[in-house]
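The structure under discussion appears below in the form of structure tokens.
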Amino acid sequence: MSQQVYPVPDKFLKNARTTAEDYAAKYQQSVTDNTQFWREQAQSIDWIKPFTKVRDVSFDKDNFHVEWFGDGQLNVSANCLDRHVANHPDKPAIIWEGDHPYRHKIISFRELHQEVCRFANVLKKQGVKKGDRVTLYMPMIPEAAIAMLACTRIGAVHCVVFGGFSPDSLASRIEDSQSSVVITANEGLRGGKTIPLKTNVDAALQMPGTEGVTSVITVYHTEHPTNMQQGRDIWYHEAIAEVNEHCPPEPMDAEAPLFILYTSGSTGKPKGVLHTTGGYLVYAATTFREVFDIRDNDVYWCTADVGWITGHSYLLYGPLANGTTTLMFEGVPQYPTWARIGQIIDKHDVTILYTAPTAIRSMMREGDHYVRESDRHSLRLLGSVGEPINPEAWSWYYNVVGEGRCPIVDTWWQTETGGILISPIPGATPLKPGSATKPFYGVQPAIVDGEGNILEGECEGNLVLIDSWPGQMRTVYGDHQRFIDTYFSTFNGMYFTGDGAKRDKDGYYWITGRVDDVLNVSGHRLGTAEVESALVAHQSVAESAVVGMPHEIKGQGICAYVTLQADVEPTEELRKELRDWVRSEIGPIATPDAIHWAPALPKTRSGKIMRRILRKIAANELDTLGDTSTLADPSVVEHLIVTVYPER
Ligand code: WTA
């Protein structure tokens, strides 16, 4: 824990809307009278039918319920579009920067509104009704945003699946969400390489469980011929030409489902995190405005993909609900060179950059000169999300990218939380590199020990939330019991985050990482169980255990211990084959960084794999393996160490 404190940079302080005293007072008021606080925040949203009740909440697992703005009605797309069309129709809503540096597009609020209405009519024509699920498997192109907003316009529930997932992963999400329509593009483009999205969709729709899909709407994005299945597949550009742009927004109940987003847990298959309309929008809009200190002329750039929650809340809904110009980038930081991020900032006069530690670390490794090729005068605020940021990366981001004049908001939150829960308020919060600092207004974190006792003052333990906030997920789609079991049963009456945290003497929170079997690889969440089940699905594998290991760029890498079937020889070819196998089963983000052949796995007498030991071996922390006497066969550990570190 670095205790170096960075005061608010002078220039920022001069224009700050919130001072340290304001934050303290406003925070206190927001938790003392939480209802009043959120009643006021909700006024920044247009309600078709105003709510009379702000909150109705119980975290008790036997009487669990969470409702925000329960009797109100609203429409998300109307909040993101129509009201801004009335105020500033020509302001850019989306600045799209293509993979290729010579391609960009600027879409005004008026244009975006028209396109969303038309595409909403396309969806209607395909039979999509309020409450129906629509799966998106899209590259980072404006049509992804258009499709999401079009769903919200008619009350359909979107399920965005990250374009890097395999056909298998896509199929299981289509099946779980029972989607009837899939929206995709013929191909995606990243760093000059193509991604065969439509071919993947075709493969997914061959798999059992996906029979409910009746149409596939495909954007013609690259000049690549694509197989179109008669009666099922339609082109986006053809369909949109056949409809008009009149589509009134559907009034939606505040607690109506807005979207499902799949995320990994410590066990089983990824779960469908369900967010609802009113609370989510109020929360995304409020946190966006306050955490990013939003002004009318900001050009805000979030580098996250729309396939993740950050892409939902802070690329799309938060910015557009506030009428803010949001930049969407199709490509990768290293294409054509590592100077690209700086070039984009200069090209579009970006004022706020929100990215992930893994991207910061990889830029840092390439050397300062790439960043220094740009002048970045427009930048005034930086943000970080997705994983703990190490102090070295933080300092580099602060001093080199931001030239010491831009505060960094290190924002801690989760797919489940819908929006940021712990973060500095720029202008108000002095920064400590590596700390997400203090809770957002109305948010009540606590640190508990293993028994759920709330710890006071300086401490370390499990991070929980003791009260609700409007953006929290409402259920696991189709499995409410799993929702209660996962989040509200570990510590009764509290939402358990799965993260560990420390609190220092100044009340600053330091997230120490997951305390469960969830990995965070380059800011992407993956369950160890998912990678394990992919591995054991290979005919040569008898058993496997997957743990995280420290990785300089990715934060965490994937380390797999594999026990082969008795008659199988461990070879380099097989190692490569298994890596490729996991890639094709889940997607490239799940590719193991290390595969170790394990003659056997360390297990307790009851047969439970002792991951603690496997993590230590993976991290080469052999001196602190801890007690191995409870193992069924302690010699297994010695064998493993010899296999992993033969020259030791
Ligand atoms: C981790 C991403 C430290 C954490 C928004 C959490 C962080 C998980 C931070 C959620 C941060 C996210 N500092 N750790 N600023 N932000 N995490 O659902 O472990 O993809 O539980 O949501 O990422 O990942 P998810």
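The values are calculated or read from the model by the stated rules, or taken from the named source; none is laboratory data. This one's a predicted model, so the numbers in the text were calculated from it and none came from an experiment. For neighbour counting, all protein chains shown are included, and Cβ atoms are generated from backbone atoms with ideal geometry for every residue, glycine included. Surface areas here come from the heavy atoms of the whole protein model, side chains and all, with no ligands, DNA or RNA. Shrake-Rupley method; radii C 1.70, N 1.55, O 1.52, S 1.80 Å.
Meeting the requirement of 1 or more residues that are buried (at least 20 other Cβ atoms within 10 Å of the Cβ) and charged (D, E, K, R), the strands (runs of 3 or more DSSP E) wholly within segment 98-208 are 133-137.
Inside segment 411-425, residues that are open to solvent by 10 Å² or more (accessible area, probe 1.4 Å) and either away from the ligand (no atom under 13 Å from the Cβ) or assigned to a strand (DSSP E or B) (or both) make up a count of 1. When each of G471, G513, G461 is tested for being surrounded by 17 or more Cβ atoms within 10 Å (Cβ to Cβ), part of a strand (DSSP E or B) and either touching a residue at least 24 places away in the same chain (Cβ under 8 Å) or of a type outside the set (D, E) (or both), the lone residue that passes is G461. Before we move on, is G434 within 29 Å of E392 (Cβ to Cβ), in a loop (DSSP other than H, G, I, E, B) and more than 14 Å from the ligand (Cβ to nearest atom)? For G434, the condition - within 29 Å of E392 (Cβ to Cβ), in a loop (DSSP other than H, G, I, E, B) and more than 14 Å from the ligand (Cβ to nearest atom) - is not met.
For segment 560-589, residues that are among the hydrophobic types (A, V, I, L, M, F, W, C) and within 19 Å of R361 (Cβ to Cβ) total 1. If you scan segment 587-606, which residues turn out to be polar (S, T, N, Q) and within 11 Å of D633 (Cβ to Cβ)? If the condition is that a residue be polar (S, T, N, Q) and within 11 Å of D633 (Cβ to Cβ), then T604 is the only one that fits. Applying the criterion of at least 1 residues that are away from the ligand (no atom under 16 Å from the Cβ) and hydroxyl-bearing (S, T, Y) to the helices (runs of 4 or more DSSP H) found wholly in segment 321-393 leaves 357-366, 368-372.
Annotation note: of E543, E451, the sole residue that is open to solvent by 30 Å² or more (accessible area, probe 1.4 Å), under 30 Å from H596 (Cβ atoms), more than 16 Å from the ligand (Cβ to nearest atom) and not in a helix (DSSP H, G or I) is E543. Take segment 244-265 and flag every residue that is of a type in the set (S, T, N, Q) and either out of contact with any Asp or Glu (no Cβ under 7 Å at 6 or more places or on another chain) or surrounded by fewer than 17 Cβ atoms within 10 Å (Cβ to Cβ) (or both). If the condition is that a residue be of a type in the set (S, T, N, Q) and either out of contact with any Asp or Glu (no Cβ under 7 Å at 6 or more places or on another chain) or surrounded by fewer than 17 Cβ atoms within 10 Å (Cβ to Cβ) (or both), then N244, T263 are the ones that fit. Considering (1) touching a Phe, Trp or Tyr at 6+ places or on another chain (Cβ under 8 Å); (2) within 27 Å of G311 (Cα to Cα); (3) away from the ligand (no atom under 12 Å from the Cβ), say which one L463 fails and leave the rest. Evaluating L463 over (1) touching a Phe, Trp or Tyr at 6+ places or on another chain (Cβ under 8 Å); (2) within 27 Å of G311 (Cα to Cα); (3) away from the ligand (no atom under 12 Å from the Cβ) leaves (3) as the failure.
Helices (runs of 4 or more DSSP H) fully within segment 1-73 that include at least 2 residues being within 27 Å of the chain's Cα centre (by Cα): 20-32, 34-41. The residue pairs whose first member lies in segment 157-186 and is farther than 17 Å from I309 by Cβ and acidic (D, E), whose second member is in a helix (DSSP H, G or I) and open to solvent by less than 10 Å² (accessible area, probe 1.4 Å), and whose beta carbons are closer than 9 Å, counting only pairs six or more residues apart or on different chains, are D168/A204; D168/A534. Whenever a residue of segment 198-221 is under 19 Å from A147 (Cβ atoms), its partners that are of a type in the set (A, V, I, L, M, F, W, C) and open to solvent by 20 Å² or more (accessible area, probe 1.4 Å), lying with C-beta atoms within less than 7 angstrom and at least six residues away or across chains, give the pairs V213/L205; S215/I234; I217/I234; T218/W235; Y220/W235. All conditions but one from (1) open to solvent by 10 Å² or more (accessible area, probe 1.4 Å); (2) within 16 Å of the ligand (Cβ to nearest atom); (3) more than 30 Å from Y370 (Cα to Cα) apply to E456; the one that does not is (2). Please enumerate the residues belonging to segment 13-38 that are surrounded by 14 or more Cβ atoms within 10 Å (Cβ to Cβ) and among the acidic types (D, E). Across segment 13-38, the qualifying residue is only D22. Of the residues making up segment 516-532, those that are open to solvent by less than 20 Å² (accessible area, probe 1.4 Å) and within 12 Å of the ligand (Cβ to nearest atom) are V518, L519, V521, L526, G527. The number of residues in segment 591-625 being open to solvent by 80 Å² or more (accessible area, probe 1.4 Å) and of a type in the set (D, E) comes to 2.
Can you pull out every residue in segment 581-594 that is under 25 Å from I195 (Cβ atoms) and out of contact with any Ser or Thr (no Cβ under 8 Å at 6 or more places or on another chain)? Once the filter is applied, which keeps residues that are under 25 Å from I195 (Cβ atoms) and out of contact with any Ser or Thr (no Cβ under 8 Å at 6 or more places or on another chain), segment 581-594 yields W581, P588, A590, T591, P592, D593. Quick check: anything in segment 567-577 open to solvent by less than 20 Å² (accessible area, probe 1.4 Å) and more than 30 Å from the chain's Cα centre (by Cα)? Scanning segment 567-577 turns up at least one residue that is open to solvent by less than 20 Å² (accessible area, probe 1.4 Å) and more than 30 Å from the chain's Cα centre (by Cα).
Hey, could you check segment 243-272 for residues that are in contact with a Cys (Cβ under 6 Å, 6 or more places away or on another chain) and hydrophobic (A, V, I, L, M, F, W, C) and say which is farthest from H65 (Cα to Cα)? Ranking the qualifying residues of segment 243-272, first place goes to C247. The requirement of being within 16 Å of the ligand (Cβ to nearest atom), outside the structural domain of V161 (by the TED database) and closer than 23 Å to G164 by Cα is fulfilled nowhere in segment 290-301; no residue meets it. For segment 228-243, the count of residues that are assigned to a helix (DSSP H, G or I), surrounded by 24 or more Cβ atoms within 10 Å (Cβ to Cβ) and touching a helix residue (DSSP H, G or I) at 6+ places or on another chain (Cβ under 9 Å) is zero. Considering the conditions (1) surrounded by 16 or more Cβ atoms within 10 Å (Cβ to Cβ); (2) within 16 Å of the ligand (Cβ to nearest atom), L535 is excluded by exactly one of them, (2). Touching a strand residue (DSSP E or B) at 6+ places or on another chain (Cβ under 7 Å), away from the ligand (no atom under 12 Å from the Cβ) and open to solvent by less than 30 Å² (accessible area, probe 1.4 Å): is that true of G442 in this structure? When the stated conditions are applied, G442 does not pass them.
How about segment 75-95: which of its residues are outside any loop (DSSP other than H, G, I, E, B) and surrounded by fewer than 20 Cβ atoms within 10 Å (Cβ to Cβ)? Within segment 75-95, D82, R83, A86, N87 meet the criteria. Can you spot a residue in segment 287-295 that is of a type in the set (A, V, I, L, M) and surrounded by 22 or more Cβ atoms within 10 Å (Cβ to Cβ)? Within segment 287-295 (the criterion being of a type in the set (A, V, I, L, M) and surrounded by 22 or more Cβ atoms within 10 Å (Cβ to Cβ)), the answer is yes, since at least one residue qualifies. Applying a threshold of 6 Å to beta carbon distances and a minimum spacing of six or more residues, or different chains, the list of pairs starting in segment 604-616 at a residue that is in the same structural domain as A560 (by the TED database) and free of Cβ contacts under 8 Å to residues at least 60 places away in the same chain and ending at one that is of a type outside the set (D, E, K, R) and assigned to a loop (DSSP other than H, G, I, E, B) reads T604/T630; R605/A632; M610/P602; I613/P602; I613/L625; K616/L625. Check segment 84-100 and report whether any residue there is of a type in the set (S, T, N, Q) and touching a residue at least 40 places away in the same chain (Cβ under 8 Å). Yes, there is a match, as at least one residue in segment 84-100 is of a type in the set (S, T, N, Q) and touching a residue at least 40 places away in the same chain (Cβ under 8 Å).
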